[in-house]
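Heads up, the thing below is written out as structure tokens.
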Amino acid sequence: MKTKLIAIILCAGLLLAACGEKKAERSGDPVDNRVNSEQSIGANGESNVNRETVADEAEAEAARSVLAAMLNGFAGLDYEGALLYIRESDRELFDFSNTSSQKPLYDNLLSHMSYELGEVYTSGGRVYVSAEITSPDMLDVYGDLNLLYIDALMNGEITSEEESREFNNRALPEIVAQEDLKYKTMPVDVEIMKDGDGEKRVVFTAELMNAMLGDIQTAGSQVSQAIEEGTQEYTAAKDAGAFDE
């Protein structure tokens with residue numbers, strides 16, 4: 001019991017670290033399911049921003065084109081290309097470099113991302129595009145990874161941080177490639193604004209990043225709860241003398 005609890009706590013901590021950087025069924029192939037900037041599905045359900053007026057069609061087309069270019073870049077793992085469509089001041093919010101410890105996670109999730117673009121509207125003088133982004137559900141991904149990780153840990157296959165990282169890098173592609181993996185679709189309103197050089201770019205927010213990564217924030221929150229509960233269970237058992245020789 002002691003070993004199992006420690007394994008759960010260690011695994012939960014590892015997975016939570018992956019969430020630290022600043023279930024809908026999959027329908028169709030992610031690449032073929034992508035829409036171009038000319039397509040529209042109408043407004044998403046509930047918006048986080050109060051709509052005032054719908055942008056004129058020329059402005060709407062320009063806004064969709066920018067967001068589509070950014071999302072297509074990420075889905076194609078062309079991070080440098082995608083960053084060109086993000087507001088310059090937002091480009092350092094997340095580390096998309098090849099040296100990032102999160103790069104394998106990003107690659108596996110974003111390469112399976114799809115999206116649909118909806119209504120373009122203005123609010124408070126700002127232009128927004130309503131979008132629905134579908135990615136592997138991180139709660140499902142973490143659940144599968146957790147089971148595999150604990151099994152490997154208990155069997156002595158993982159004895160160091162390096163082996164832990166290598167295990168995750170091997171396991172993630174297999175998990176994300178599963179046919180029965182759940183996908184999550186999240187509505188998000190994305191602001192498009194003129195940058196300092198006059199070019200229209202995406203205002204890149206944590207909300208947008210979260211949708212692109214399959215609601216990683218909720219998954220991280222549940223992992224955090226698992227750490228707390230596992231720690232409490234271990235502490236209670238230890239206090240009760242369960243591990244006394």
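Below is a table of values for the structure above.
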| item | result |
| --- | --- |
| Subset of the stretch 169-186 [closer than 22 Å to Glu132 by Cβ and among the basic types (Lys, Arg)] | Lys182, Lys184 |
| Options Ser100, Ser89, Ser164; residue that is open to solvent by less than 20 Å² (accessible area, probe 1.4 Å), part of a helix (DSSP H, G or I), of a type in the set (Gly, Ala, Ser) and over 18 Å from Leu71 (Cβ atoms) | Ser164 |
| Considering residues of the stretch 135-155 that are under 25 Å from Leu71 (Cα atoms) and in contact with an Asp or Glu (Cβ under 9 Å, 6 or more places away or on another chain) only, the residue most open to solvent (accessible area, probe 1.4 Å) | Leu139 |
| Checking Ala171 against (1) modelled with pLDDT under 90; (2) touching a Ser or Thr at 6+ places or on another chain (Cβ under 6 Å), the condition it does not meet | (2) |
| Residue check for Ile158: buried (at least 21 other Cβ atoms within 10 Å of the Cβ) and part of a loop (DSSP other than H, G, I, E, B) | yes |
| Selection count, the stretch 87-132, where residues are in contact with a Pro (Cβ under 8 Å, 6 or more places away or on another chain) and farther than 19 Å from Pro173 by Cβ | 3 |
| Hits in the stretch 168-187 (condition: within 13 Å of the chain's Cα centre (by Cα) and open to solvent by less than 10 Å² (accessible area, probe 1.4 Å)) | Val176, Tyr183 |
| Flag if Leu109 is aliphatic (A, V, I, L, M) and surrounded by 15 or more Cβ atoms within 10 Å (Cβ to Cβ) | yes |
| Matching residues in the stretch 74-86 - criterion: being of a type in the set (A, V, I, L, M, F, W, C), more than 16 Å from the chain's Cα centre (by Cα) and outside any helix (DSSP H, G or I) | Leu84, Ile86 |
| Residue match in the stretch 174-190 (condition: in a strand (DSSP E or B) and either under 21 Å from Gln102 (Cα atoms) or among the small types (Gly, Ala, Ser) (or both)) | yes |
| Test: residue in the stretch 125-133 that is under 30 Å from Asp56 (Cα atoms) and at pLDDT below 85 | yes |
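The values are calculated or read from the model by the stated rules, or taken from the named source; none is laboratory data. Note that the structure is a prediction, hence the values are computed from the model and not measured. Positions of Cβ are backbone-derived with ideal geometry, glycine not excepted, and every protein chain shown enters the neighbour counts. Side chains are part of the model used for accessible areas, which takes the heavy atoms of the whole protein and leaves out ligands, DNA and RNA. Shrake-Rupley method; radii C 1.70, N 1.55, O 1.52, S 1.80 Å.
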